[in-house]
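The structure under discussion appears below in the form of C-alpha cells.
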Amino acid sequence: MARVVVDVMLKPEILDPQGQAIVGACGRLGFDGVAQVRQGKRFEVEVDGEVDDVRLAEIRRLAETLLANPVIEDFALRVE
C-alpha cells in the first residue's frame, strides 16, 4: 500500500480570511512576529500497490476534479 499526499492551498492572489483571523489571534495570544498565515488542506490518498506514473496521473486528475478548485486553489502531490 502506498500513500500520496495532496496539499491544496489558495492561490496567492486569493484573499484568505481564515488566515487573516489567525494572524490577528496570534498577536492577542502573545505570538509576536507572525506576519502572514495561509490556510490550506491536506489529503492522504492510500492506493493499492506501487505508485507509478499512470497511478500518479490518476491521482492528479482526482485532485483537479474533486479535491481542489483550480480556479482559486493550487495543489501539489508527493508520494510518501
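The values are calculated or read from the model by the stated rules, or taken from the named source; none is laboratory data. It should be emphasised that the depicted structure is a prediction, and the values quoted were computed from it without experimental measurement. All Cβ positions, glycine included, derive from the backbone under ideal geometry; neighbour counts span all protein chains shown. Ligands, DNA and RNA are excluded from the accessible area calculation, which covers all protein heavy atoms including side chains. Shrake-Rupley method; radii C 1.70, N 1.55, O 1.52, S 1.80 Å.
Percent of C-alpha pairs per 10 Å bin in the stretch 2-79, short distances first: 18, 37, 24, 16, 4. Against the chain, whose longest principal axis comes from its Cα atoms, helix 17-28 is set at around 50 degrees. In the chain, the longest principal axis of the Cα atoms and the axis of helix 53-62 are about 50 degrees apart.
Computed about its Cα centre, the charge dipole of the chain is approximately 360 debye, with only Lys, Arg, Asp and Glu carrying charge at their Cβ.
Among the protein heavy atoms of the chain, carbon and sulfur supply 54% of the accessible surface, probe 1.4 Å, non-protein parts ignored.
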